[in-house]
Amino acid sequence: QTGYFTYDPGFTSTASCSSKITFIDGDNGVLLYRGYPIEQLAEKCDFLEVCYLLLNGELPNGAEMKEFVTTISKHVMVHEQLTRFYSGFRRDAHPMAVLVGVVGALSAFYHDGTDVTCREDRYTAAIRLIAKMPNIVAMCHKYSTGMPFIYPKRKLGYAENFMRMMMGDPCDEYIPNPILIRAIDRILILHADHEQNASTSTVRLAGSSGANPYACVAAGIACLWGAAHGGANEAVLNMLEEIGDASNIPEYVAKAKDKNDPFRLMGFGHRVYKNYDPRAKLMRQTCHEVLDELNLHNDRTFKLAMELERIALEDPYFVERKLYPNVDFYSGIVLRALGIPTEMFTAIFALARSVGWIAQWDEMISDPELKIGRPRQLYRGVPQRDVQPISSR
Ligand code: SDX
C-alpha cells in the first residue's frame, strides 16, 4: 500500500490544514487513527483506549490505561449548578439545542478566562470533556422525559456508565447487556474522529481565534447538527419512517435522482469516500449483531432499510456516482434497536466526536503552524460605486 503517504504537492494545495491524527483514503475506503486501521481498533480496543490514542498518539500500555481510566473517572461529575441549566429549556427542545448550550456553558465553570496554551491545561480540558460528555448527553435525554438525572458511577466502564445514565431507571438496578454495551462502545469508536469534516474544521477555526476549548466544541456541536453531516443518522430514521413500506422505495429513489427535487437519500454518499465507508461495513456488522441479540431481524424498519440498501446498490445512478451507504445509514438503525429516541442520535454522535474535536484542537494549539487562520474569499460582488442621495435612487 505504497503511495498513501507520498508527499503530493498537488494534493496539499487543496488541503485546508495538515494533521497527524487521522488519515482517510476515500478512493480505497481506508481510515486510520494515528496509523491504526479502524477495523483493528474497532475489534481490539475500547473507546477509552481510542481516546488515549487520539490524544497521545500511541495506544496505552496496561499501566497507562489504568491511570487514564482512573483520571477520567475522577472527572465524570458536572458542577451541580450546570444541571440547573437544563431547566431553562422546554422539555421538547431538540437535544442538540440543549447540548450546544450546556457544553458552551462549561466555559463558565471550567475556564478561568486565561489562554489555554500549556499542554497540562490543554490535557485537563480534554479529560474533562471526555469524562463529562456522557453525563451531559444523558441528562439531555432524561430532561426531555421528565425523569430525574442519574449520576455516573466511577467504577463502571465508559459505555456502560453512559447507557445506565441514559436508559437506566433510578428506581431499578441497571442490568447491562454486554452485547449492547459493546455496540455502543463501537459506535463511539467509529465516530471518534474523521479528519477535517465540517464540525472538526469548525472547532479548529474557532480555536485559531483563541476561544476556549469548551466554546470551540460547542461550535462543533452546532455544525454537526446539520442533516448533511451529523444529523444524517436521525434523518435516516425519519426518511425510513416517511417511506413506510418497501413498495414506496422506487418513488423515493426517483426523487433522490431528480435534480429538481432537493430530496437526498439520507445515509448514502460521502464527501470523501468514493468507495465503501469502512465504518459502514463495521456498523453494518454491529447492526446485525444487535438485531440478532434482540431478535429484531423482522423489524419493519430494519427490513425496509435492507431493501433500500439492496435497491440503491443495484441502481446505476448510485453505482455510477459511487454512492454507498455511509456510517450514518446503519448507526441510526442500531441506536433505534437499543431503544434510543431518534432525536438523541446526533447527540450521541457528538459524544463520540468530542474526543476527535478536542484532540484536533489540542494539536492545532500545540503547533501554530497548524492553525487554519483567517480564510480569504473570492469577491464576486459588484465593483466599487458611489452612494447616490435617496431622492435620486
Ligand atoms: C457524515 O465529512 C465527514 O467526514 C462527515 C462524516 C464524519 O464522520 O464527520 O463522515 C459524517 O457527515 C457522513 C455523511 C452523512 N450525510 C448524509 O448521509 C446525507 C446524505 N448524503 C448527501 O447529502 C451527500 O452524499 C453528501 C453531502 C454527504 C455529499 O454530497 P456531495 O459532496 O455532493 O457528494 P458527491 O459529490 O459524491 O455527489 C455526486 C453526485 C451528485 O450528483 P451529480 O451532480 O453527479 O448528478 O451524487 C449525488 C450528487 O447530487 N448525490 C446524491 C446523494 N449524495 C450525492 N444523490 C442522491 N442521494 C444522495 N444521498
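The values are calculated or read from the model by the stated rules, or taken from the named source; none is laboratory data. Bear in mind the structure is a predicted one, so any value in this text is a computation, not a measurement. We place every Cβ from the backbone using ideal geometry, glycine too, and count neighbours over all the protein chains shown. Note: areas computed on protein heavy atoms with side chains; ligands, DNA, RNA excluded. Shrake-Rupley method; radii C 1.70, N 1.55, O 1.52, S 1.80 Å.
Have a look at Leu294, Leu304 and point out the one that is more than 25 Å from Ala42 (Cα to Cα) and more than 13 Å from the ligand (Cβ to nearest atom). I'd like the intermediate steps shown before the answer.
Details: Leu294 fails: more than 25 Å from Ala42 (Cα to Cα).
So the residue among Leu294, Leu304 that is more than 25 Å from Ala42 (Cα to Cα) and more than 13 Å from the ligand (Cβ to nearest atom) is Leu304.
Do you know which residues across the stretch 253-295 are basic (Lys, Arg) and over 23 Å from Ile184 (Cβ atoms)?
If we filter the stretch 253-295 for residues that are basic (Lys, Arg), which is where we start, we get 255, 257, 259, 264, 271, 274, 279, 281, 284.
The answer is Lys255, Lys257, Lys259, Arg264, Arg271, Lys274.
Check Met344 against each of (1) more than 9 Å from the ligand (Cβ to nearest atom); (2) of a type in the set (A, V, I, L, M); (3) within 30 Å of Ser19 (Cβ to Cβ); (4) part of a loop (DSSP other than H, G, I, E, B) and name the one condition it does not meet.
Result: Met344 fails condition (4) only.
Can you tell me which of Ala215, Ala227, Ala235 is within 8 Å of the ligand (Cβ to nearest atom), of a type outside the set (Asp, Glu) and in a helix (DSSP H, G or I)?
The conditions single out Ala235.
State all residues of the stretch 213-222 that are over 14 Å from Ala359 (Cα atoms) and either small (Gly, Ala, Ser) or touching a Gly at 6+ places or on another chain (Cβ under 8 Å) (or both); if no residue qualifies, say none.
Keep residues of the stretch 213-222 that are over 14 Å from Ala359 (Cα atoms), which gives 215, 218-219, 221-222.
Hits for the stretch 213-222 are Ala215, Ala218, Ala219, Ala222.
Which of the residues belonging to the stretch 302-336 are without any contact (Cβ under 8 Å) to a residue 24 or more places away in the chain and under 11 Å from Arg284 (Cβ atoms)? First the steps, then the outcome.
If we filter the stretch 302-336 for residues that are without any contact (Cβ under 8 Å) to a residue 24 or more places away in the chain, which is where we start, we get 306, 309-310, 313-314, 316, 319-320.
Within the stretch 302-336, Met306, Glu309 meet the criteria.
Yes/no matrix, rows are residues, columns are (1) in a helix (DSSP H, G or I); (2) surrounded by fewer than 16 Cβ atoms within 10 Å (Cβ to Cβ):
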site: Leu48; (1), (2): yes, no
site: Cys51; (1), (2): yes, no
site: Leu55; (1), (2): yes, no
site: Glu64; (1), (2): yes, yes
site: Leu82; (1), (2): yes, no
site: Val100; (1), (2): yes, no
site: Val103; (1), (2): yes, no
site: Leu106; (1), (2): yes, no
site: Gly113; (1), (2): no, yes
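Asp386: surrounded by 10 or more Cβ atoms within 10 Å (Cβ to Cβ) and free of Cβ contacts under 8 Å to residues at least 12 places away in the same chain, yes or no?
Working: surrounded by 10 or more Cβ atoms within 10 Å (Cβ to Cβ): no; free of Cβ contacts under 8 Å to residues at least 12 places away in the same chain: yes.
It is false that Asp386 is surrounded by 10 or more Cβ atoms within 10 Å (Cβ to Cβ) and free of Cβ contacts under 8 Å to residues at least 12 places away in the same chain.
Counting just the residues of the stretch 247-269 that are closer than 17 Å to Glu314 by Cβ and either in contact with a strand residue (DSSP E or B) (Cβ under 7 Å, 6 or more places away or on another chain) or not in a helix (DSSP H, G or I) (or both), which one comes out nearest to the ligand (Cβ to nearest atom)?
Among those residues, the one meeting the criterion is Gly269.
Looking at the stretch 188-210, can you tell me whether even one residue there is farther than 15 Å from Gly356 by Cβ, more than 16 Å from the ligand (Cβ to nearest atom), buried (at least 18 other Cβ atoms within 10 Å of the Cβ) and at pLDDT below 95?
Within the stretch 188-210 (the criterion being farther than 15 Å from Gly356 by Cβ, more than 16 Å from the ligand (Cβ to nearest atom), buried (at least 18 other Cβ atoms within 10 Å of the Cβ) and at pLDDT below 95), the answer is yes, since at least one residue qualifies.
Look at the stretch 292-314 and say how many of its residues are within 15 Å of Met239 (Cα to Cα) and open to solvent by 40 Å² or more (accessible area, probe 1.4 Å). Steps first, please.
Narrowing the stretch 292-314 to residues within 15 Å of Met239 (Cα to Cα): 300-309, 312.
Those still in the list that are open to solvent by 40 Å² or more (accessible area, probe 1.4 Å) too: 300, 303, 307.
Qualifying residue count, the stretch 292-314: 3.
Val272: near the ligand (Cβ under 10 Å from one of its atoms), open to solvent by less than 20 Å² (accessible area, probe 1.4 Å) and in contact (Cβ under 8 Å) with a residue 12 or more places away in the chain, yes or no? Steps first, answer last, please.
Working: near the ligand (Cβ under 10 Å from one of its atoms): yes; open to solvent by less than 20 Å² (accessible area, probe 1.4 Å): no; in contact (Cβ under 8 Å) with a residue 12 or more places away in the chain: yes.
Spelling it out, it is not the case that Val272 is near the ligand (Cβ under 10 Å from one of its atoms), open to solvent by less than 20 Å² (accessible area, probe 1.4 Å) and in contact (Cβ under 8 Å) with a residue 12 or more places away in the chain.
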